[in-house]
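The values are calculated or read from the model by the stated rules, or taken from the named source; none is laboratory data. Computed from a prediction, not measured in an experiment: that's the story for all the values here. Heads up, the Cβs are rebuilt from the backbone with ideal geometry, glycines too, and the neighbour counts pull from every protein chain shown. These accessible areas exclude ligands, DNA and RNA; they are computed on the full protein's heavy atoms, side chains included. Shrake-Rupley method; radii C 1.70, N 1.55, O 1.52, S 1.80 Å.
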Amino acid sequence: MEMQNPAPDGPVLGIETSCDETAVAIYCPRHGLLAHELFSQADLHAAFGGVVPELASRDHLRRLLPLLTQTLTAAGLAGRDLAAVAYTAGPGLIGALLVGATAGVGLAFAWSVPAMPVHHMEAHLLAPLLEDEPPEFPFLALLVSGGHSMLVDVRRFGDYSILGETVDDAAGEAFDKAAKLLGLPYPGGPALAKLAEHGDATRFDLPRPMLRRPGLDFSFSGLKTAVMLAVREQERLGGPGEQDRADLAASFQLAVVDTLVAKAERALTASGRERLVIAGGVGANRLLRERLRESMAARGGRVYYPRIDFCTDNAAMVALAGSLRLRAGKPPSLLVEARPRWPLTDA
Ligand code: KG4
Ligand code: ZN
């Protein structure tokens with residue numbers, strides 16, 4: 001394949017199809033984010049109470065090319081103006097990843113530009129760099145999504161150590177499962193947080209998993225079981241009524257937030273970092289954001305978030321990560337790379 005000399009500070013197109021959001025964006029280091037488009041499949045999967053992988057792949061196929069045309073038009077660019085095409089290569093659902101990966105590599109080939117495979121969690125933790133006051137390296141990142149919960153020491157771009165991670169469910173997964181137990185529609189996290197607004201968070205005494213033990217790992221499956229038992233108890237009493245459900249939602253949310261805040265504080269003390277980045281879908285949670293802001297202010301540090309839309313899956317973070325990879329001299333790949341499992345430390 002003949003490749004143009006890539007201009008490393010030119011615009012990079014990003015493609016995201018790792019789960020149930022189809023997204024395309026263009027980021028340029030000189031001009032910032034030029035365009036970003038997204039289609040959420042949430043309604044498609046809602047009837048099934050969770051993401052159905054085969055439906056996700058088929059819908060990515062349907063949506064990706066129209067979104068691509070929309071994004072290029074919005075940015076006023078043609079394919080050959082790009083410095084690279086970046087795509088999420090993993091971790092994620094294999095069929096869903098393959099749609100974005102084959103499209104990304106095919107387009108890069110057609111436009112004679114490099115294709116850059118991007119690690120989805122690396123893209124999440126870099127998302128706050130898209131904001132007006134981006135964090136400087138080094139920082140600590142609390143990555144909390146539907147598939148992952150981890151605390152990462154970010155020394156510089158591409159240099160990461162995982163300080164702690166979940167031993168069972170991810171934080172977002174726990175939100176989704178607790179929401180299901182409370183009869184809420186998928187995706188459960190935002191619905192549960194909304195229900196919790198009218199609830200009394202002190203009514204149900206739910207466990208704060210692994211807080212008494214030393215270390216930085218998380219566990220959320222026991223908390224989910226505690227919610228299940230509380231719902232059963234309410235059913236025995238003829239409920240749960242609307243207020244009971246709101247109280248349970250609030251108590252659950254507080255238990256998760258307390259746990260995440262305590263572990264983040266522990267990791268900050270251990271690593272001596274003064275900047276905390278919070279990213280991933282659960283990073284959209286208002287209570288978590290508020291509590292971490294207070295905690296960092298009290299420590300004389302600062303917390304950085306992506307805008308709410310860029311906490312959940314999006315292609316802006318993928319285009320940014322691709323651009324950083326290109327500028328760091330990481331090699332493009334001619335292979336279609338799709339890795340359902342891919343440790344962040346190998347990114
Ligand atoms: O990062 P993301 O879009 O996808 C993954 O890479 O997993 O995260 C989705 C997760 C879901 O579990 C969803 O319920 C959760 O983020 N989430 C929330 C909120 N918004 C999204 N959890 C709690 N509160 C929210 N406001
Ligand atoms: Zn994600």
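Here is how the numbers come out for the structure above:
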| item | result |
| --- | --- |
| Test: residue in segment 245-261 that is open to solvent by 20 Å² or more (accessible area, probe 1.4 Å) and more than 25 Å from the chain's Cα centre (by Cα) | yes |
| Per-region count, segment 57-113, residues surrounded by fewer than 24 Cβ atoms within 10 Å (Cβ to Cβ) and assigned to a strand (DSSP E or B) | 1 |
| Checking Ser161 against (1) open to solvent by 50 Å² or more (accessible area, probe 1.4 Å); (2) more than 14 Å from ligand 1 (Cβ to nearest atom), the condition it does not meet | (1) |
| Tally, over segment 299-338, of residues that are assigned to a loop (DSSP other than H, G, I, E, B), among the polar types (S, T, N, Q) and away from ligand 1 (no atom under 16 Å from the Cβ) | 1 |
| Residue satisfying condition, being free of Cβ contacts under 8 Å to residues at least 12 places away in the same chain, acidic (Asp, Glu), more than 16 Å from ligand 2 (Cβ to nearest atom) and closer than 17 Å to Pro343 by Cβ, within set Asp153, Asp132, Asp217, Asp159 | Asp159 |
| Close pairs (9 angstrom Cβ cut-off, 6 or more residues apart or separate chains): assigned to a loop (DSSP other than H, G, I, E, B) in segment 254-277, open to solvent by 10 Å² or more (accessible area, probe 1.4 Å) anywhere | Arg273/Pro138; Arg273/Asp153; Arg273/Gly301; Glu274/Arg299; Glu274/Gly300; Glu274/Gly301; Glu274/Arg302 |
| Among the residues listed as Leu97, Leu107, Leu143, Leu77, the single one being within 16 Å of ligand 1 (Cβ to nearest atom), assigned by TED's automatic domain parsing to the domain that holds Ser333 and in contact with a strand residue (DSSP E or B) (Cβ under 8 Å, 6 or more places away or on another chain) | Leu97 |
| Within segment 289-326, considering residues that are crowded, with 16+ Cβ neighbours inside 10 Å and among the basic types (Lys, Arg), the one farthest from Phe109 (Cα to Cα) | Arg291 |
| From Ser271, Ser323, Ser333, residue being within 30 Å of Val12 (Cβ to Cβ), in contact with a strand residue (DSSP E or B) (Cβ under 8 Å, 6 or more places away or on another chain), of a type outside the set (Phe, Trp, Tyr) and modelled with pLDDT under 95 | Ser333 |
| Search result, residues across segment 34-45 that are in a helix (DSSP H, G or I) and open to solvent by less than 40 Å² (accessible area, probe 1.4 Å) | Ala42, His45 |
| Selection status of Arg341, away from ligand 1 (no atom under 12 Å from the Cβ), under 16 Å from Glu131 (Cα atoms) and open to solvent by 30 Å² or more (accessible area, probe 1.4 Å) | no |
| Residue list for segment 18-37, restricted to those being more than 11 Å from ligand 1 (Cβ to nearest atom) and in contact with a strand residue (DSSP E or B) (Cβ under 9 Å, 6 or more places away or on another chain) | Thr22, Val24, Ala25, Ile26, Tyr27, Cys28, Pro29, Leu33, Leu34, Ala35, His36, Glu37 |
| When residues of segment 267-287 are limited to those that are farther than 22 Å from Met121 by Cα and more than 14 Å from ligand 1 (Cβ to nearest atom), the one least open to solvent (accessible area, probe 1.4 Å) | Gly272 |
| In segment 174-209, residue nearest to Leu260 (Cα to Cα) [restricted to those that are open to solvent by 40 Å² or more (accessible area, probe 1.4 Å), free of Cβ contacts under 8 Å to residues at least 60 places away in the same chain and part of a loop (DSSP other than H, G, I, E, B)] | Arg208 |
| Where Val52 falls short, out of the listed (1) of a type outside the set (Ser, Thr, Tyr); (2) buried (at least 20 other Cβ atoms within 10 Å of the Cβ); (3) within 16 Å of ligand 1 (Cβ to nearest atom) | (2) |
| Residues located in segment 112-140, provided they are within 16 Å of ligand 1 (Cβ to nearest atom) and among the small types (Gly, Ala, Ser) | Ala123, Ala127 |
| Test: residue in segment 183-198 that is away from ligand 1 (no atom under 12 Å from the Cβ) and either farther than 28 Å from Leu44 by Cα or polar (S, T, N, Q) (or both) | yes |
